[in-house]
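Below you'll find the structure, written out as structure tokens, and then a few comments.
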Amino acid sequence: MPALIFPLILLAGAMQAFAAVMGAQLRVALVNPWLATLVVFAINAFFFATIYAIRPLPVPSLESVAAMPWWAPLSGLVGALAGLVGILFIDKVGAAPFNGVLITANIVASLAIDHFGLLGAPQHSLNMGRLAGGALMVGGIYLITAF
């Protein structure tokens, strides 16, 4: 399985680029961005409810649920708001600039999350290589949006 992790992450990243454009087209067809977002997440809820019905195990213990940080379930809302931004703006700026800025912001925020171990993430200190990688991302997105 470890050999498949990065190819699956690459596939997920490519799928996000397509999903953002698909969501924008849904907004155009449905006119209302709130309705488009609702349709997207209703389909997601149905899909994952079906998967859960097929594979309901493992079931969390009461202790693990009680120990969960209060903010953990809000991840879906955070993701939904990010998805809404795509639905609203990708057709206005283009797929490459939109996804480039989105991914670059994700990388910069992830560097801070890693460095400080935010939200319980494992701590990975910033170093010159990581800073250079973040700077290259910022420079790359500048070139993509400028040209």
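We did not get these values from a lab; they are worked out from the coordinates using the rules stated. Predicted, not measured: the structure shown is a model, and the values here were computed from it. Please note: Cβ atoms are built from the backbone with ideal geometry, for glycine as well, and neighbour counts cover all protein chains shown.
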What are the ³J(HN,Hα) values, in whole Hz, obtained from phi via the Karplus relation 6.51 cos²θ - 1.76 cosθ + 1.60 with θ = phi - 60°, for each residue of segment 2-19 in sequence order, with x given for Gly and Pro?
x, 5, 8, 4, 5, x, 5, 5, 4, 4, 4, x, 5, 5, 4, 4, 5, 4
Can you work out ³J(HN,Hα) from phi for every residue in segment 129-144, in order, using Karplus 6.51 cos²θ - 1.76 cosθ + 1.60 and θ = phi - 60°, giving whole Hz and x for Gly and Pro?
x, 5, 4, 5, x, x, 5, 5, 4, 4, x, x, 5, 4, 5, 5
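Calculate the FRET efficiency for Ala135 and Gln25 from the Cβ-Cβ distance with a Förster distance of 30 Å, rounded to the nearest 0.05.
Working: r = 34 Å, r/R0 = 1.13.
Approximately 0.30, to the nearest 0.05.
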For segment 1-71, what value does the Rg/Rh ratio take when both radii are computed over Cα atoms and Rh is the Kirkwood radius, given to two decimals?
1.10
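To one decimal place, what orientation-averaged projected area in nm² is obtained for the convex hull of the Cα set of the chain? Display every interim value, and only then the final one.
Working: hull surface 45.8 nm².
Seen from a random direction, the Cα hull of the chain projects 11.5 nm² on average.
Per DSSP H run of at least 4 residues, take -39500 (n - 2.57); add these up for the chain, divide by its residues and hand me the 222 nm value, nearest 500 deg cm²/dmol. Could the numbers behind the result be given before it?
Values: 6 runs with 117 residues, N = 147.
Rounded to the nearest 500, the figure is -27500 deg cm²/dmol.
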Diffing segment 28-35: the Karplus 3J(HN,Hα) column from phi (6.51, -1.76, 1.60, θ = phi - 60°), in whole Hz with x for Gly and Pro, holds 4, 5, 8, 6, 9, x, 5, 5
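What does the C-alpha gyration tensor say about the overall shape of segment 60-147? Classify as rounded when a/c is under 1.5, otherwise prolate if a/b is larger than b/c, or oblate. Kindly include the intermediate steps, with their values, before the conclusion.
On the way: a/c = 5.02, a/b = 1.40, b/c = 3.57.
Since a/c reaches 1.5 but b/c is at least a/b, the shape of segment 60-147 is classed as oblate.
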